[in-house]
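The values are calculated or read from the model by the stated rules, or taken from the named source; none is laboratory data. Predicted model, so just to flag it, every value in this text is computed and none were measured. Methodologically, a virtual Cβ is constructed for each residue, glycine included, from the backbone with ideal geometry; neighbour enumeration extends over all protein chains shown.
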Amino acid sequence: MQKLTLLFFFIFSSVLLNAQTATKKIVAIFAHPDDEQSIAPILVKYAEEGVEITLVIATDGRLGVNQYNDYVAGDELAARRRNEMQCAAETLGVDLIHLDYHDQLKAAEGFDGHIPHVQQLILDLKKIVIDIEPDALVTWGPDGVTTHMDHRLVGASVTQVFVSQKWNKPMDLFYFGVPSDFLPDQKARTLRGQDRSYLTTQISFTKAHFDQAYRALLCHESQYPASVVATIKKERAQMGSTLFLRKFQVPKTIQNSLF
């Protein structure tokens, strides 16, 4: 009997220890190759701490033409940006899932093109969450940082996955945010800022994390020449060494009035 009791004790202790030491998991979900830069310093930070990080990029970047390049939108640019995204993920030290959705999520194709595309995106994102079982999800909030339609829709899709069911494993949802007081005028604050009172998850990072994040941004050379990366890095440094997020809060009680 004593041996049996000891056996159960060791089994229970082992299960408890495994539960306490289980690797934490983060799934960060964004729209385009290079969007990960918004939270890149903390991706580096958590990867360094042994957290299992999966970065999900929804679109292929095929429309990523800008003033810094002379590429033609389409398959060739999408292939190039896929390679750049892999380079960035490796530099950050994270796992990458790069989906194959079109930039602008086929909005130009109208209802019959756009709606099936974004519905399938939600289903694909849900499968990823089910398969990985993360402790934390990170994505765009309603502002999408730049108000880009893809940013906002991907963030909304992640939110829909999160609220679509009660999850067996506890999981939190966070939106990346820019404090309104960092922005230059009232228009920018209205379009894409958040008051700091909402940004109650504040994560610090080191200069080493910051530098590695911007080495990763150099991988996206079709979008940002090295000189532009240097300018972006300098501007971001003025915001300090803290990254701000807003946690999706689930009410604990049911109320029967709006007031």
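Is it true that Ser222 is surrounded by 18 or more Cβ atoms within 10 Å (Cβ to Cβ), small (Gly, Ala, Ser) and modelled with pLDDT under 95? So Ser222 fits the description; yes.
Which ones in the stretch 139-179 are among the acidic types (Asp, Glu) and touching a Ser or Thr at 6+ places or on another chain (Cβ under 8 Å)? Write out each step before concluding.
Taking the stretch 139-179 as the starting set, the residues that turn out to be among the acidic types (Asp, Glu) are 143, 150, 172.
Matches in the stretch 139-179: Asp150 only.
Among the residues making up the stretch 37-79, those that are among the charged types (D, E, K, R), at pLDDT 95 or above and part of a helix (DSSP H, G or I) are Lys45, Glu48.
Residue-by-condition table, conditions (1) touching a residue at least 60 places away in the same chain (Cβ under 8 Å); (2) loosely packed, with under 14 Cβ neighbours inside 10 Å; (3) farther than 26 Å from Val228 by Cα; (4) not hydrophobic (A, V, I, L, M, F, W, C):
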residue	(1), (2), (3), (4)
Thr59	yes, no, no, yes
Gln67	no, yes, no, yes
Ala73	no, yes, no, no
Arg80	yes, no, no, yes
Ala88	yes, no, no, no
Asp100	no, yes, yes, yes
Ala107	no, no, yes, no
Leu123	no, yes, yes, no
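On the phi < 0 side of the Ramachandran plot, assigned to a loop (DSSP other than H, G, I, E, B) and modelled with pLDDT under 90: is that true of Gln20 in this structure? Let's see the steps before the verdict.
On the way: on the phi < 0 side of the Ramachandran plot: yes; assigned to a loop (DSSP other than H, G, I, E, B): no; modelled with pLDDT under 90: yes.
So Gln20 does not fit the description; no.
Among the residues of the stretch 228-259, count how many are in a loop (DSSP other than H, G, I, E, B) and on the phi < 0 side of the Ramachandran plot.
Number satisfying all stated conditions: 15.
Among residues of the stretch 128-153 that are in contact (Cβ under 8 Å) with a residue 12 or more places away in the chain, those with a beta-carbon under 6 Å from a residue that is of a type in the set (Asp, Glu) at least six positions away or on a different chain give the pairs Ala136/Asp172. Only one entry in Gly144, Gly113, Gly93 is of a type in the set (Gly, Ala, Ser) and under 20 Å from Leu173 (Cα atoms), namely Gly144.
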